[in-house]
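J.: Have a look at the structure that comes next, please.
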Amino acid sequence: MKIELIKGDITKIHADAIVNAANSSLLGGGGVDGAIHRAGGPQILEECRAIRNRQGKCNTGEAVVTTAGNLSAKYVIHTVGPVWNNNKEKESKLLATCYYNSLKLAESLGVKTIAFPNISTGVYRFPKDLAGKIAVDEVRKFKSDVIEKVIFVCFDDENEMIYKKLLD
Ligand code: AR6
């Protein structure tokens, strides 16, 4: 899989799937979650509600899919990152699981290009350098005949610098 780094807003990215850093309610929030729901429109929330009614909350590390409403992507993959509580080993594993489960789900949908935000590094306070390393390691480990390109979308300068170093 090819790996790309883009600085900017994930709602503007052209990819088959974009990943949302959601919370376990799946009912929206701030940060990238708020931006995706605002730009994508009410259809995404409607589908999230339907998933909630079907299967209940989305646990940390898990991923679910909806269509992407008004966005140019086909799918939004919603995954729930861990809140950073200084339990490095446990929270690192959970963050890696978010990337793995999102990629697995994308693959099952025939997704060729997928864009990730820097999951857990905002409201959930995961250290950005460690989160970046986990994201890049997990994507590099994932071998796929379906997914051709993974785009890391960095919104802030600090994440952009971290990912640049990791991908060099
Ligand atoms: N495009 C790409 N990245 C973005 C955008 C955007 N439009 N906006 C923010 N980021 P956060 P979390 C970056 O807080 O830490 C929500 O309320 C941001 O710079 O969005 O996983 C959910 O509902 C940061 O690096 O997600 C949950 O309750 C990264 O996205 C909670 O926040 C993640 O920051 C999840 O917290």
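The values are calculated or read from the model by the stated rules, or taken from the named source; none is laboratory data. Predicted, not measured: the structure shown is a model, and the values here were computed from it. Neighbour counts are summed over all protein chains in view; Cβ atoms, including those assigned to glycine, are modelled from backbone coordinates with ideal geometry. For the accessible areas, the whole protein counts, side chains as well, though only heavy atoms, and no ligand, DNA or RNA atoms are used. Shrake-Rupley method; radii C 1.70, N 1.55, O 1.52, S 1.80 Å.
J.: Taking only the range 68-105 into account, find how many residues are closer than 21 Å to residue 14 by Cα and not in a helix (DSSP H, G or I).
T.: 12
J.: Among the listed residues 66, 121, 113, 79, which satisfies the condition of being under 20 Å from residue 6 (Cβ atoms), free of Cβ contacts under 8 Å to residues at least 60 places away in the same chain and of a type in the set (S, T, N, Q)?
T.: Values: 66 fails: under 20 Å from residue 6 (Cβ atoms); 113 fails: free of Cβ contacts under 8 Å to residues at least 60 places away in the same chain; 79 fails: free of Cβ contacts under 8 Å to residues at least 60 places away in the same chain.
Residue meeting the stated conditions: 121.
J.: Now for a different question. Against the conditions (1) of a type outside the set (D, E, K, R); (2) crowded, with 16+ Cβ neighbours inside 10 Å; (3) touching a helix residue (DSSP H, G or I) at 6+ places or on another chain (Cβ under 7 Å), where does residue 70 fall short? Just the number, please.
T.: If we test residue 70 against (1) of a type outside the set (D, E, K, R); (2) crowded, with 16+ Cβ neighbours inside 10 Å; (3) touching a helix residue (DSSP H, G or I) at 6+ places or on another chain (Cβ under 7 Å), just (2) comes out false.
J.: Would you pick out the residues in the range 133-151 that are open to solvent by 30 Å² or more (accessible area, probe 1.4 Å) and β-branched (Val, Ile, Thr)?
T.: Filtering the range 133-151 down to residues open to solvent by 30 Å² or more (accessible area, probe 1.4 Å) leaves 133, 137, 140-141, 143, 145-146, 148-149.
Listed by number, the list holds a single entry, 146.
J.: Another one. Which of (1) touching a Cys at 6+ places or on another chain (Cβ under 6 Å); (2) touching a residue at least 60 places away in the same chain (Cβ under 8 Å); (3) on the phi > 0 side of the Ramachandran plot is the odd one out, the single condition residue 31 does not satisfy?
T.: Condition (1) is where residue 31 drops out.
J.: Now, a different point. Could you tell me which residue of the range 33-54 is nearest to the ligand (Cβ to nearest atom), considering only residues that are open to solvent by 40 Å² or more (accessible area, probe 1.4 Å) and within 20 Å of residue 101 (Cβ to Cβ)?
T.: That would be 52.
J.: Which of the residues that make up the range 1-11 are within 8 Å of the ligand (Cβ to nearest atom) and either loosely packed, with under 14 Cβ neighbours inside 10 Å or at positive phi (or both)?
T.: Start the filter on the range 1-11 by keeping residues that are within 8 Å of the ligand (Cβ to nearest atom), which leaves 8-11.
Once the filter is applied, which keeps residues that are within 8 Å of the ligand (Cβ to nearest atom) and either loosely packed, with under 14 Cβ neighbours inside 10 Å or at positive phi (or both), the range 1-11 yields only 8.
J.: Take residue 92 and tell me if it is among the polar types (S, T, N, Q) and crowded, with 21+ Cβ neighbours inside 10 Å. Steps first, please.
T.: Details: among the polar types (S, T, N, Q): yes; crowded, with 21+ Cβ neighbours inside 10 Å: no.
Here the answer is no, as residue 92 does not meet what is asked.
J.: Please determine whether any residue of the range 31-54 is out of contact with any Lys or Arg (no Cβ under 9 Å at 6 or more places or on another chain) and assigned to a strand (DSSP E or B).
T.: To start, the set of residues in the range 31-54 that are out of contact with any Lys or Arg (no Cβ under 9 Å at 6 or more places or on another chain) comprises 31-38, 40-54.
From what is left, the residues that are assigned to a strand (DSSP E or B) are none.
The answer is no; no qualifying residue exists.
J.: I need the full set of residues from the range 152-162 which are surrounded by 20 or more Cβ atoms within 10 Å (Cβ to Cβ) and within 15 Å of the chain's Cα centre (by Cα), in order please.
T.: Let us first name the residues in the range 152-162 that are surrounded by 20 or more Cβ atoms within 10 Å (Cβ to Cβ), namely 152-154, 159, 162.
Residues satisfying the conditions are 152, 153, 154, 159.
J.: Only one of these is more than 10 Å from the ligand (Cβ to nearest atom) and either among the β-branched types (Val, Ile, Thr) or over 18 Å from residue 15 (Cβ atoms) (or both): 164, 149. Name it. Break it down into steps so the answer makes sense when it comes.
T.: Values: 149 fails: either among the β-branched types (Val, Ile, Thr) or over 18 Å from residue 15 (Cβ atoms) (or both).
Just one listed residue meets the conditions, 164.
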